[in-house]
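Worksheet: the structure to be examined is printed underneath.
The values are calculated or read from the model by the stated rules, or taken from the named source; none is laboratory data. Keep in mind it's a predicted model, so treat the numbers as computed, not measured. Ideal geometry is used to build each Cβ from the backbone, glycine not excepted, and the neighbour counts take in all protein chains shown. To get the accessible areas, we keep the full protein, side chains included, count just its heavy atoms, and leave off ligands, DNA and RNA. Shrake-Rupley method; radii C 1.70, N 1.55, O 1.52, S 1.80 Å.
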Amino acid sequence: MTMREYMLGNVAIARGLLEGGVQVIAGYPGTPSSEIIDTLAARKDRDYHVEWSVNEKVAMEVAVGAAWTGVRSVVTMKHVGLNVAADPFMTLAYAGTKGGMIVIAADDPSCHSSQNEQDTRRYAQFALVPCFDPATPQEAKDMLPYAFEFSEKFEVPVIFRPTTRISHGKSDIELGEIPVEKPAPNFEKLLDRWVMLPKNARPRHTHLLSIQQSIEDALAESPWNSLELKSDAKFGVIGAGIASVYAKEALTELGLDVSYLKIGTYPVPKKLILELLETVDTVLVFEELEPIVEEQVKMIAQEAGIEVSVLGKTNGFVPREGELDVSAFLEVLKKTFDLETEAETSGKSLELAPRPPALCAGCSHRATFHSMKKVFGKDAIYPSDIGCYTLGIQSGTVETTLCMGSSISVASGLYHAGEKRPICCSIGDSTFFHSGMNSLLNAIVNKANITVTILDNRITAMTGHQPNPGVGYTATGEPTVQVSLEELCKAMGAEFVSVVDPYKLEETQEAFKAAKEFEGVAVVIARQPCVISGKRAGIRRNPYVIDPDKCEGCKQCIKFGCPAIEFNEQNKCAVITALCSGCGVCAQICKFDAIQEVKR
Amino acid sequence: MSQAEQKKLDLLITGVGGQGAILASDIIGKAAVTAGLPIRAAETHGMAQRGGSVVNHIRVGNNYGSMIPKKGADLLLALEPMEAVRYLDFLKDGGIVIMNTQPIIPVTVTSGLTKYPEVSDILDFLSEKYIVKAFNADDLAYEAGNRLAMNVVMVGAVSGYLPIPKETLLESVKALVPQKTIEVNLRAFEAGRQKVEES
Ligand code: SF4
Ligand code: SF4
């Protein structure tokens, strides 16, 4: 009997890894990839090792070690994480693996929660490593056991690239068996494989190049590519990954008689592309982000001397940025066949207020930013980093965000360039452990004069509350050492380290004043648990209310920007809603003593 | 209409992060699987959950991708009035809007940057092109025993339109809400269902 279950794409991916017999999984949280490890870590009957590593490079290296013992391993991250792990990854392609190894890098077309839209398939091309590009959550799950076998057969790591709509899509999933027997680890000392000094690296590069053709041939035969030729269709559509189902839906809906090639693997299936090109005179390539298939199709056509016009991103038929969907495909068809576009129905419209995401009510980051702004003022420069606190842009204290860990190094660069204004950067605890540590060390040794604020909310909140080295437990909830941020900073040579409770505005502002005065790198650690994980851990606080008789309607509390405080324009009085989590910061802001704790 | 056609429904759930849109869509998704129907859904994760605008696509009886094409949704279930309007592009002309009339004021409004439109204006606007069923689901949930059950009130409200038996949906509610709150949630479901049946 087959089992069907309704699940999130990432849960289906976790399931696929289990069905593929995975034994070691490491990763760093990042939307949309995080729930893969969250799911595997939460399982009770674990017979594998699963960890949140401090960053993607480290996670990659852990997975490599495991694969070199002959067991199956996985590393998970979001697309930009692969930039961090690119160093080991590029060389791993030469060395190869023994056990199957899958690099999962989840792409985020449209930047739903990312700083860029880069296309992981480019990395696959760059490293000469095969890539699997699922079209649906079901296919994602089914591809994984196949990908492990494939990786083992050719002894190369493989990339698996889900996109946001696969990772965070849900679907009925048909489950397969989870194997019980798994190989025992056995590290073979193959020095010419595992020691990439030039003498060994050169022949490995040659070897990697030599297997490309067989990889391509094997993939072309795989179930992830399929060609449907219509006998006398002169128009062909090629859809890649998730874009292939959008194209298929639109074609079915319209009942168009065109030939259709679905691509789910790279290097692309040249044979199938040739077969299609030989029968049509126009082909439309539909793929998200980079025109990778499109470039290949053009090269293949040219090499074979086939006259065919290729429509896609490079000639503006398909948008190069953002996410695609069925409507986008219909648009392209209209352009291609010069069809009438329906006139936009211009009815009345309503002015809607934007609803951007905001820091939660009671989030300590808001309080820290408030104090920071008070002390450093408008004139200062505020580099920041990646996490919930990036939303502090609304507080005016987030002025740069480049990549994980960069706030401290960007701050140093601003200082060394000769900026005379005060510089106060901010970084989260998890981000600090990820790669901020290196930047801090660098700033101290090279004598920057900056204030570094570590927003220590004791968790990796943004991606769904995963543990980091500061919290004292692992991905699976086992107790472990709790690394002290203050001791770590001191050990790296920081001479000014101050730990404050951001809910106490005065204390925090005193610390910022002292930090501002300090010549050199001053570290302020603002420590208060994230209100969400705090609530889960049982922290309960009394809510606050505003006394309408005392409120003068000055709106100081409103400016603070807490979502729990609203202003009643009729009675010119502020009110606190049920969202209040009891941090008490607004009570310290109100000059008229109108905000008070509700004692229970 | 063929049998298969009748079992096809594209539904959009919109709301604000924290309102329980994901649980609402999970109840429908799980029930669809039990009823033997293929189901696809897409939801908002990450930043948008911090009180931002969220939208879930649910496609019952569908074998393609999870994203509903523009003007493709048969039904829009809005957990918040302003969020009903934000995603109207996805709704078919003449489609159905089931809307909770209880507004949630965004920070951009509390901080005085913009204004929240009158709920009555929203209703007038929607009624021009769509069939609208609107009521205060927060109040119904409160009467059922817990304001937090608002999302289940809304599932009850849409239940009559789904190609899924009511019993199957109720089983799914029982399986997905916290054990202690099952009674409250079943009452909430009934309250929502009745509200729409009456109107
Ligand atoms: S999840 Fe935690 S850290 Fe993130 S905004 Fe909310 S309270 Fe702040
Ligand atoms: S800060 Fe105090 S006086 Fe001013 S609006 Fe808020 S509650 Fe009223």
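Miscellaneous remarks
- Residue A:236 vs. criteria closer than 19 Å to residue A:163 by Cβ and not hydroxyl-bearing (Ser, Thr, Tyr): no
- Index of the failed condition, residue A:586 passing every other in (1) within 14 Å of chain B (Cβ to nearest Cβ); (2) more than 9 Å from ligand 2 (Cβ to nearest atom): (2)
- In the condition set (1) more than 16 Å from ligand 1 (Cβ to nearest atom); (2) touching a residue at least 12 places away in the same chain (Cβ under 8 Å); (3) facing chain A (nearest Cβ under 7 Å); (4) open to solvent by 10 Å² or more (accessible area, probe 1.4 Å), residue B:50 is compliant with all but (1).
- In the stretch A:138-159, the residues that are closer than 15 Å to residue A:11 by Cα and either open to solvent by less than 10 Å² (accessible area, probe 1.4 Å) or in contact with a Cys (Cβ under 6 Å, 6 or more places away or on another chain) (or both): A:140, A:141, A:143, A:144
- Residue check, residue A:313 surrounded by 13 or more Cβ atoms within 10 Å (Cβ to Cβ), modelled with pLDDT of 95 or more, away from chain B (no Cβ under 14 Å) and part of a helix (DSSP H, G or I): no
- Meets criteria (free of Cβ contacts under 8 Å to residues at least 40 places away in the same chain, under 22 Å from the mean Cα position of the chain (by Cα) and away from every other protein chain (no Cβ under 14 Å)) for residue A:481: no
- Applying the set (1) more than 26 Å from residue B:194 (Cβ to Cβ); (2) touching a residue at least 60 places away in the same chain (Cβ under 8 Å) to residue B:96 leaves exactly one unmet item: (1).
- Test for residue A:65: is it touching a residue at least 60 places away in the same chain (Cβ under 8 Å) and more than 29 Å from residue B:43 (Cα to Cα): no
- Selection within the stretch A:11-45 - under 14 Å from the mean Cα position of the chain (by Cα) and among the small types (Gly, Ala, Ser): A:27, A:30, A:33, A:34
- For the stretch A:101-127, filtered to residues that are part of a loop (DSSP other than H, G, I, E, B) and touching a His at 6+ places or on another chain (Cβ under 9 Å), the residue that is farthest from residue A:82 (Cα to Cα) is A:112.
- Pairs where the first residue, in the stretch A:276-288, is farther than 20 Å from residue A:330 by Cα and the second is open to solvent by less than 30 Å² (accessible area, probe 1.4 Å) and in a helix (DSSP H, G or I), C-beta under 6 Å, 6+ apart: A:277/A:301
- Matching residues in the stretch A:229-258 - criterion: being among the hydroxyl-bearing types (Ser, Thr, Tyr) and open to solvent by less than 60 Å² (accessible area, probe 1.4 Å): A:244, A:246
- Residues of the stretch A:529-574 that are within 9 Å of ligand 2 (Cβ to nearest atom) and open to solvent by 50 Å² or more (accessible area, probe 1.4 Å): A:548, A:550, A:552, A:554, A:555, A:556, A:559, A:572.
- Evaluation of residue A:306 against (1) more than 22 Å from residue A:119 (Cα to Cα); (2) free of Cβ contacts under 8 Å to residues at least 60 places away in the same chain; (3) outside any loop (DSSP other than H, G, I, E, B) (one fails), failing number: (3)
- Among the conditions (1) more than 9 Å from chain A (Cβ to nearest Cβ); (2) outside any loop (DSSP other than H, G, I, E, B), the only one that residue B:19 does not satisfy is (2).
- Which numbered condition residue B:36 fails, given (1) facing chain A (nearest Cβ under 9 Å); (2) part of a strand (DSSP E or B): (2)
- Scanning the stretch A:544-569 for residues being in contact with a Leu (Cβ under 9 Å, 6 or more places away or on another chain) and away from ligand 1 (no atom under 16 Å from the Cβ) gives a total of 0.
To keep it simple, each residue is scored yes or no on (1) free of Cβ contacts under 8 Å to residues at least 60 places away in the same chain; (2) more than 25 Å from the chain's Cα centre (by Cα); (3) more than 14 Å from every other protein chain (Cβ to nearest Cβ); (4) within 16 Å of ligand 2 (Cβ to nearest atom).
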{"site": "A:450", "(1), (2), (3), (4)": "no, yes, yes, no"}
{"site": "A:464", "(1), (2), (3), (4)": "no, no, no, no"}
{"site": "A:467", "(1), (2), (3), (4)": "no, no, yes, no"}
{"site": "A:473", "(1), (2), (3), (4)": "yes, no, yes, no"}
{"site": "A:494", "(1), (2), (3), (4)": "yes, yes, yes, no"}
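Results for (1) part of a helix (DSSP H, G or I); (2) among the basic types (Lys, Arg); (3) open to solvent by 30 Å² or more (accessible area, probe 1.4 Å); (4) closer than 22 Å to residue A:578 by Cβ, shown as yes or no for each residue.
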site	(1), (2), (3), (4)
B:82	yes, no, no, yes
B:94	no, no, yes, no
B:97	no, no, no, no
B:132	no, no, yes, no
B:150	yes, no, no, yes
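- For the residues B:61, B:65, the requirement of being facing another protein chain (nearest Cβ under 10 Å) and either touching a residue at least 60 places away in the same chain (Cβ under 8 Å) or surrounded by 24 or more Cβ atoms within 10 Å (Cβ to Cβ) (or both) singles out B:65.
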